[in-house]
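Working notes, beginning with the structure itself.
Every number in this text was worked out from the coordinates using simple rules, so none of it is lab data. The model shown is predicted, which means the values in this text are computed figures rather than measured ones. Cβ atoms come from the backbone with ideal geometry, glycine included; neighbour counts cover every protein chain shown.
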Amino acid sequence: MQVILSASSKGGVGKSEIAKLTAYQLSRDGHDVAMMDADIDSSNLSSRMGVSDRVEHTDDDLIQPVTKDGIKVYSMESAFQDSSFSQSGDFMRVVIRNMVSGAAWDDPDYLVVDCPPGTKDIFDELVKVLREDILGAIVIGQSDTVDDVGRMTKVCNHNYVPIVGYIENMSGIWAEGELLMGPKSGNPVAPFGQGRVEALAKEIGGRYLGPIPLCDDHSEIESAAANTIKSIAIAVGDAEQAPIPDLKEGDKGFIRNVLNALKATVKTVNSELDVKGIQKRFGNPDNPKVICLELTDASGSWMLPSKVHLKVEGGLKILRNPDEVYGGIKISSQELKFALEGERMTMDSPTALYQDDAISSTKYGLVDAVQMGKASVYGDDVINYLSLLDKIFNEVIDQSKIQQAVKNS
């Protein structure tokens with residue numbers, strides 16, 4: 001089974017429709033195709049597919065997707081009378097795992113997944129659960145929201161999800177069998193703009209699959225977008241799964257321990273230190289900033305967070321998905337461990353290991369890591385905020401319990 005994601009960071013751009021068009025074209029080409037609606041809290045794939053039947057249970061206690069025109073379809077809309085959910089991200093992750101592993105898919109050639117809008121939570125869970133089978137993503141956008149296409153591209157690249165191609169949806173208007181032209185300009189009428197998704201794809205070396213117009217009669221969409229739909233199927237056939245750099249289990253364990261040590265340090269900072277007092281002495285309490293600690297050796301693992309966002313504001317806070325990040329530091333988990341410990345073993349030369357007096361322990365922090373070339377920063381004046389974090393961590397080092405926990409990691 002090869003998985004194709006119909007994806008966008010923005011809602012309402014036509015992911016469900018393009019997932020449907022992709023599935024039907026692959027089916028017409030002779031492939032065994034299934035579809036899954038991962039937009040849990042607002043599923044509508046069954047309605048789009050014209051499916052009214054409910055899913056059933058097999059004798060093995062699996063969900064049996066509904067079959068429509070030879071395509072298996074599994075959507076929350078077909079499982080519940082009321083498919084409107086308002087639940088936590090953790091709940092959604094459990095649902096996704098159950099939809100993937102708890103359904104009788106019967107190993108189709110392709111599983112086309114209608115992804116939810118956004119770039120976190122459910123999308124991350126989809127990548128984790130389907131990792132070994134993901135062929136790639138079809139990234140969908142509109143000309144007037146091309147920035148969202150760029151964001152989705154970055155998320156796919158970060159998660160090692162190849163991009164099958166880009167589609168500009170709602171590009172022009174199809175009416176009475178042809179594109180609607182402006183009476184004065186003679187150009188296609190494009191209320192959402194035109195051409196910017198294609199330009200972005202060309203700029204970044206991506207594959208542009210074509211436009212799909214708005215249709216006054218929805219039944220004409222396959223005629224209006226015939227060339228683009230065929231391009232999708234060709235691109236899927238050409239796509240190859242991306243190799244994923246594996247982390248050894250020992251590496252994963254080490255990174256996980258360092259992250260746990262960081263969390264333990266933050267907890268101790270807030271329970272035992274006067275952070276406001278430290279801010280007054282060393283920082284700017286009236287202008288708190290969000291700083292990103294980006295672990296360079298965790299980016300190849302979809303099971304570990306590669307970014308931790310910290311903010312000093314009354315206390316030391318770890319934030320999830322902050323709206324704005326001031327800047328950050330790119331650092332390996334080993335160097336972050338040294339910074340949390342507050343010291344680092346240094347050698348005068350590569351052969352210093354064999355000299356009795358050439359190895360020494362020096363005071364060490366995030367700023368030292370940057371100055372020694374062990375880490376890099378981005379953003380304006382980030383060093384001052386890293387210096388504040390160093391001073392906070394340095395005061396925690398006096399707490400032997402935390403220092404030992406960090407060393408044990």
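Students often check this: by mean Cβ neighbours within 10 Å, which of 305-314, 27-36 ranks highest, and how do the rest follow?
Values: 305-314: 17.8, 27-36: 19.7.
By packing density, highest mean first, the sequence is 27-36, 305-314.
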Residue 297's amide H: which non-local residues (gap 5+, or another chain) put their own amide H closer than 5 Å, with H modeled 1.01 Å from N in plane and none for Pro or chain starts? 333
By how many nm would the segment from residue 104 to residue 363 lengthen if fully extended, with 0.36 nm per residue of separation less the alpha-carbon distance? 87.4 nm
Could you list which residues have their amide H under 5 Å from that of residue 136, counting only those 5 or more apart in sequence or on another chain, with H placed in the peptide plane? 3, 5
What's the extension gain from residue 226 to residue 60 if we count 0.36 nm per residue and subtract their Cα-Cα distance? 55.7 nm
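Please give the peptides 228-239, 64-75 ranked by average Cβ packing (other Cβ atoms within 10 Å per residue), highest first, as a rough proxy for protection. Let's see the in-between values first.
Numbers: 228-239: 18.3, 64-75: 20.3.
Listed from highest to lowest mean packing, they are 64-75, 228-239.
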Under 24 Å between C-alpha atoms, the lysine pairs in region 2-238 lying 8 or more places apart or on different chains count 25
Sort 382-393, 194-205 by the packing proxy (mean of other Cβ within 10 Å over each peptide's residues), most packed first. 382-393, 194-205
Got a sec to turn the phi values of region 168-174 into Karplus ³J(HN,Hα) couplings, 6.51 cos²θ - 1.76 cosθ + 1.60 with θ = phi - 60°, whole Hz, x for Gly and Pro? 9, 8, 6, 9, x, 10, 9
Taking θ = phi - 60°, what integer Hz values does the Karplus form 6.51 cos²θ - 1.76 cosθ + 1.60 yield along region 311-323, in sequence order, with x for Gly and Pro? 9, 9, 8, x, x, 9, 10, 9, 9, 9, 6, x, 5
For region 203-216, in order, what is each residue's ³J(HN,Hα) by Karplus, 6.51 cos²θ - 1.76 cosθ + 1.60 with θ = phi - 60°, in whole Hz (x at glycine and Pro)? 5, 9, x, x, 9, 8, 8, x, x, 10, x, 6, 10, 6
